[in-house]
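**Student:** Just dropping this structure here.
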Amino acid sequence: MSRARITIDRDFTIGEVPRRLFGSFVEHMGRCVYTGIFEPGHPEADEHGTRRDVLELVRELGPTVVRYPGGNFVSGYNWEDGVGPVEDRPRRIDGAWHTIETNAFGLHEFVRWAREADVEIMEAVNLGTRGVDAARELVEYANHPGGTRLSDLRRQHGSAEPFDIKLWCLGNELDGPWQIGHKTAAEYGRLAQEAAKAMRYVDPTIELVAVGSSNRQMPTFGSWEHTVLTHAYDEVDYISLHAYYQEDDGDAASFLAEAVDMDAFIEGVVSTVDAVKAAGKHTKDVQLSFDEWNVWYQRGLDTEDQPHNVQKTWREHPRLIEDTYNVTDAVVVGTFLNSLLRHGDRVRIANQAQLVNIIAPIRSEEGGPAWRQSIFWPFARMSALAKGRILRTAVDSDRYPTRKFGDADLVDVSATWDEESGRVALFLANRGLEESAEVTVELRGLTAGRVTRAEVLTVPEGGDRRTANTEQAQDAVGLAPLEGVGTQDGVLHATLPPLAWAVIELEVSRG
Ligand code: AHR
């Protein structure tokens, strides 16, 4: 049995929970849109082609904001192809994913879906093959009330009211050589600056995200952010981060500690952003948008025997990177959400990539069912319960050795306090593969009351750490009651089983 002593204090807060931390991502890639959220003719589809079974799961998952339409896809996309009468829309080649894009689904369809799902839209513009003009025209089409060519075109296409999209990404991963329209930092920095200016001339209320590094291992990481912001600091509100993680060669110990890498990535970008702020004598802060993150098993993606490979035939909605997630992945995802929450003073937006089928918490089959993957649960609970203020957590945990990160804490945690509902929520992970963890949480400035929720996701009976939900066994991995949670003299006690993610919510009063 390992031990962890956690202390939280009412007065030691990180800030308000940025609700946009619980974002997701819908890309025109593989089966995320087509046969994911949209499948006309499916028994569960409504008259617009929206899959109601998937929509119900999305509502239960609770994303607050959804990035769209890409991803690598957006760097070759003409937004005009996706508006107007469906029968007039062109079939196109999508070079990013070697796919035929029918354009049966576009901006209007996404706006309708987003309203039904009750999510904010985060719209990306194409700064790969296109530039300032297409970007500002899209803002005009989407947000201008009427009386101009493009806003009237939107009205003619059935939307009298503007879409009022506030959040915009200035392209996608343009630091990456794989990206259509890949640029140097200086080229992109200038383009982002000018696109931002022109988009704001159309709608001064929008918020803009500049492209940061595609991952922390990029050779340009650090210098990219520095150069881009040296050009565009005044014009943008956020800089993006992307990161995907996987278990290497059965090294579960390191994989379970990958949030250490996420912490370092975030803190590195904060340092660079603040260095540019200081050198440029800027007064505002540029915040962070971690707008793609997840577990993604990328190893072997380019071999012929990979079912999720990009096949070199032109097809509509091919089956791409449909990773199946297990118990270990869910625990790791819980620690990523902890990392994001602990940095909620600077990370204001985060999008798990993606929402359905493509490396996603929700899976669906064409003409078939939809179900929750293991990673669904930490996200759903944290989105529902992380409210109010983020509390600093002082953690004194037993540690374990990892190949990649040296010694790491066995227990990982984040905490929030919602004064309005009078509840504290604790999100905990036990990274120990063999040992249970005895956890105590001392509450300072808060008097503990009733425990209102205690749930755990762990290895199910008869399973192992690789057990996953599948079409045939859709509920193999899920939440179960965490027994034995209680408070004594203002201290909460809980025992986490080996390899577990848990949520504990309790009533508190000031004092
Ligand atoms: O989410 C899958 C892909 O990963 C996105 O299209 C791209 O931005 C990233 O490299």
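**Student:** Kindly list, by first and then second residue, each pair from a residue in segment 26-42 that is in the same structural domain as residue 69 (by TED's automatic domain parsing) and in a loop (DSSP other than H, G, I, E, B) to a residue that is within 13 Å of the ligand (Cβ to nearest atom) and at pLDDT below 95, limited to pairs with Cβ atoms under 6 Å and residues at least 6 apart or on different chains.
**Tutor:** Final answer for the pair search is 29/97; 30/320.
**Student:** Collect the residues in segment 4-25 that are part of a strand (DSSP E or B) and of a type outside the set (A, V, I, L, M, F, W, C), keeping them in residue-number order.
**Tutor:** Matches in segment 4-25: 5, 7, 9, 13, 15, 16, 23, 24.
**Student:** Could I ask something else about it? Any idea which of (1) in the same structural domain as residue 359 (by TED's automatic domain parsing); (2) away from the ligand (no atom under 16 Å from the Cβ); (3) surrounded by fewer than 23 Cβ atoms within 10 Å (Cβ to Cβ) is the one residue 14 doesn't satisfy?
**Tutor:** Residue 14 satisfies all of (1) in the same structural domain as residue 359 (by TED's automatic domain parsing); (2) away from the ligand (no atom under 16 Å from the Cβ); (3) surrounded by fewer than 23 Cβ atoms within 10 Å (Cβ to Cβ) except (1).
**Student:** Could you figure out which of (1) touching an Asp or Glu at 6+ places or on another chain (Cβ under 8 Å); (2) within 30 Å of residue 412 (Cβ to Cβ); (3) away from the ligand (no atom under 13 Å from the Cβ) isn't true of residue 100?
**Tutor:** (2)
**Student:** In segment 297-376, which strands (runs of 3 or more DSSP E) lie fully inside it and hold 1 or more residues that are open to solvent by 10 Å² or more (accessible area, probe 1.4 Å), at pLDDT 95 or above and more than 16 Å from the ligand (Cβ to nearest atom)?
**Tutor:** 347-353, 370-372
**Student:** Taking the condition buried (at least 24 other Cβ atoms within 10 Å of the Cβ) and over 22 Å from the mean Cα position of the chain (by Cα), does residue 229 pass?
**Tutor:** Answer is yes for this residue.
**Student:** Residue 118 versus (1) within 23 Å of the chain's Cα centre (by Cα); (2) within 16 Å of the ligand (Cβ to nearest atom); (3) open to solvent by 10 Å² or more (accessible area, probe 1.4 Å); (4) on the phi > 0 side of the Ramachandran plot: which is the lone unmet condition?
**Tutor:** (2)
**Student:** OK, next. Could you give every pair whose Cβ atoms fall below 6 Å, whose first residue belongs to segment 220-248 and is among the aromatic types (Phe, Trp, Tyr), and whose second residue is away from the ligand (no atom under 16 Å from the Cβ), counting only separations of at least 6 or pairs across chains?
**Tutor:** If the second residue must be away from the ligand (no atom under 16 Å from the Cβ), the pairs left are 224/185; 233/276; 233/280; 233/282; 238/287; 245/258.
**Student:** Of everything in segment 128-168 that's in contact with a strand residue (DSSP E or B) (Cβ under 6 Å, 6 or more places away or on another chain) and in a loop (DSSP other than H, G, I, E, B), which residue is farthest from residue 212 (Cα to Cα)?
**Tutor:** 165
**Student:** Another question about this same structure. Tell me which residues, restricted to segment 86-104, are touching a residue at least 60 places away in the same chain (Cβ under 8 Å) and either part of a loop (DSSP other than H, G, I, E, B) or touching a Cys at 6+ places or on another chain (Cβ under 7 Å) (or both).
**Tutor:** Listed by number, the residues that qualify are 95, 96, 97, 98, 102, 104.
The values are calculated or read from the model by the stated rules, or taken from the named source; none is laboratory data. If you're wondering where the values come from, they're calculated on a predicted model, not measured in any experiment. All Cβ positions, even for glycine, are placed from backbone atoms using ideal geometry, and neighbour counts span all protein chains on display. For accessibility, only protein heavy atoms count, side chains too; no ligands or nucleic acids. Shrake-Rupley method; radii C 1.70, N 1.55, O 1.52, S 1.80 Å.
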